[in-house]
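Novice: I'd like to ask you about the structure that follows.
The values are calculated or read from the model by the stated rules, or taken from the named source; none is laboratory data. Given the structure is predicted, the values throughout are model-derived calculations rather than measurements. Here the Cβ is made from the backbone with ideal geometry for all residues, glycine too, and neighbour counts use every protein chain on show.
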Amino acid sequence: MTTTTADKLQNVDLDSLESQVKDMYTKVAEKPHEEYHFEMGRGLTERLGYMTEDLDRIPAEAIDSFAGVGYYFHLAMLKPGETVVDLGSGSGTDAFVAALKVGGEGKVIGIDMTDAQLTKASSLRDRDGFANVEYRKSYIEDLPIEDVSVDTVISNGVINLSPDKPAVFREIARILKPGGRLAIADIVTQSQLPETVSCNADLWAACIGGAMQIDEYCAAIEAAGLAVTTTQANDKYGFISDNAMGATEKWGVHSISLLAVKKG
Ligand SMILES: C[S@@+](CC[C@H](N)C(=O)[O-])C[C@H]1O[C@@H](n2cnc3c(N)ncnc32)[C@H](O)[C@@H]1O
């Protein structure tokens, strides 16, 4: 019998998991040049496919703390005037890039639960005059956003960190307009992770322990009412600590970019 992610979570202390994730991403916001399980910063964004002309127009300090896992803006196809929600906006790289694409008539709302990330992203927004970006403190499992009000939801390296991914996908379906897009990069696995990995809070916060098996991940998106139209492997993304690389090889932990469209 297969053990699903939901089964495994029976054995995880969710409060300590949340504190571990918040601690990790507070450090990412405040001390981007320390050592992590994963790579960060401008070199990574360029390798993943972010365009130089976009990176040059957003705050460099946000890019220093970029902890995303792939590029998906070629799938998102954001248009001027659109309303975009960035789940787990961190220090703001993706929200700022989205703001360039939707322009002054559009709007980007970044959602994050970690104060240090929100503080950093908001002060960079104020300093550099990104008037079309707003950051809101919230869990991605319970979004402070109106029903059927959003053109595109974006997210980079975040949904794997949620202990309740079906709830995240239900919230995405609730806020999207019919035909609205979900364009993301995230970490998934080829085979189910054993409990030694999924119950390890350190590996969870490093975007490995919480990763869902890819078919289960796409099925959860479809169950929420979206059709998955594209998945692409991001071969340019890799973890860097020995512990993380071991898990990557053993269970096929890898990054994908994905596009899904809300049905109806
Ligand atoms: C891997 S970082 C990615 C940040 C950003 N997307 C980037 O590319 O730099 C994950 C972010 O998601 C936030 N996060 C993780 N789980 C969350 C949840 N359940 N609700 C809200 N924010 C969450 C963390 O605080 C952190 O800022």
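Novice: Going through Thr248, Thr230, Thr196 one at a time, which residue ends up being surrounded by fewer than 22 Cβ atoms within 10 Å (Cβ to Cβ) and closer than 20 Å to Leu14 by Cα?
Specialist: Every option except Thr196 fails the conditions.
Novice: In segment 99-152, which residues are without any contact (Cβ under 8 Å) to a residue 12 or more places away in the chain and under 19 Å from Ser65 (Cα atoms)?
Specialist: Ser123, Asp126
Novice: Test Ala121 against the stated conditions and say whether it is near the ligand (Cβ under 10 Å from one of its atoms), surrounded by fewer than 22 Cβ atoms within 10 Å (Cβ to Cβ) and part of a helix (DSSP H, G or I).
Specialist: no
Novice: Just need a number here: residues in segment 52-67 that are acidic (Asp, Glu) and either closer than 21 Å to Ser255 by Cβ or touching a residue at least 24 places away in the same chain (Cβ under 8 Å) (or both).
Specialist: Residues flagged as acidic (Asp, Glu) and either closer than 21 Å to Ser255 by Cβ or touching a residue at least 24 places away in the same chain (Cβ under 8 Å) (or both) within segment 52-67 amount to 3.
Novice: Taking Val228 as the residue in question, decide whether it is modelled with pLDDT of 95 or more, under 21 Å from Val84 (Cα atoms) and part of a strand (DSSP E or B).
Specialist: Yes.
Novice: Taking only segment 66-91 into account, find how many residues are within 8 Å of the ligand (Cβ to nearest atom), of a type in the set (Gly, Ala, Ser) and within 18 Å of Val133 (Cα to Cα).
Specialist: Qualifying residue count, segment 66-91: 4.
Novice: Do we find a residue being buried (at least 17 other Cβ atoms within 10 Å of the Cβ) and either part of a helix (DSSP H, G or I) or without any contact (Cβ under 8 Å) to a residue 24 or more places away in the chain (or both) anywhere in segment 255-263?
Specialist: No; the residues of segment 255-263 include none that is buried (at least 17 other Cβ atoms within 10 Å of the Cβ) and either part of a helix (DSSP H, G or I) or without any contact (Cβ under 8 Å) to a residue 24 or more places away in the chain (or both).
Novice: From Glu82, Glu53, Glu35, which residue is more than 14 Å from the chain's Cα centre (by Cα) and crowded, with 20+ Cβ neighbours inside 10 Å?
Specialist: Exactly one residue qualifies, and that residue is Glu82.
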